[in-house]
Amino acid sequence: ILEGYHNPGQNCLTCHEAHNPELPHAPEDCSACHREIANKKSVSHHTTLPCRRCHEVPDRHLSEPRTARAQKPTDKSLCGECHSKDAEGSRRTPRIELDTHGGRYLCWDCHYPHFPEAN
């Protein structure tokens, strides 16, 4: 029933043994388990950013993903490094007034960074 739940399109036995669900080795890339997110991100403005640029990922996540979870940023400052009015970089990058934009909401409450948005 849960076949391909965390990696749609792949049979569980592609990575797991039937009677020992631990992985034989840790995945080398996030997309090994997060294929759907990787596919969306590949056509987004953030395609060149490595996952660990925005997510804190404990080393144990590669062997114990359910107990050592990757974390989203907890405030707007990470997004502000590229998107605030005074950030350095490409002029094509959308800029915002970091202190006032969105009020108390975090960036991903309204914007999904893995998905291409219309400008």
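List of remarks:
- Flag for residue 31 being at pLDDT 85 or above, closer than 27 Å to residue 106 by Cβ and either more than 15 Å from the chain's Cα centre (by Cα) or hydroxyl-bearing (Ser, Thr, Tyr) (or both): yes
- Within the stretch 70-82, being open to solvent by less than 40 Å² (accessible area, probe 1.4 Å) and either of a type in the set (Val, Ile, Thr) or outside any helix (DSSP H, G or I) (or both) holds for 73, 76.
- Hey, residue 67 β-branched (Val, Ile, Thr) and either touching a Lys or Arg at 6+ places or on another chain (Cβ under 9 Å) or assigned to a helix (DSSP H, G or I) (or both) or not: yes
- The set of residues in the stretch 27-57 being more than 23 Å from residue 94 (Cβ to Cβ) and open to solvent by less than 50 Å² (accessible area, probe 1.4 Å) consists of 27, 31, 32, 33, 57.
- Whichever residue in the stretch 88-97 is in a loop (DSSP other than H, G, I, E, B) and at pLDDT 90 or above and, among such residues, is surrounded by the most Cβ atoms within 10 Å (Cβ to Cβ): 95
- Candidates 67, 100, filtered to the one that is in contact with a helix residue (DSSP H, G or I) (Cβ under 9 Å, 6 or more places away or on another chain), of a type in the set (Val, Ile, Thr) and open to solvent by 60 Å² or more (accessible area, probe 1.4 Å): 67
The values are calculated or read from the model by the stated rules, or taken from the named source; none is laboratory data. Everything numeric in this text was worked out from a predicted model, so none of it was measured. Virtual Cβ from ideal backbone geometry, glycine too; neighbours counted across all protein chains shown. Calculation scope for accessible area: heavy atoms of the full protein, side chains included, ligands and nucleic acids excluded. Shrake-Rupley method; radii C 1.70, N 1.55, O 1.52, S 1.80 Å.
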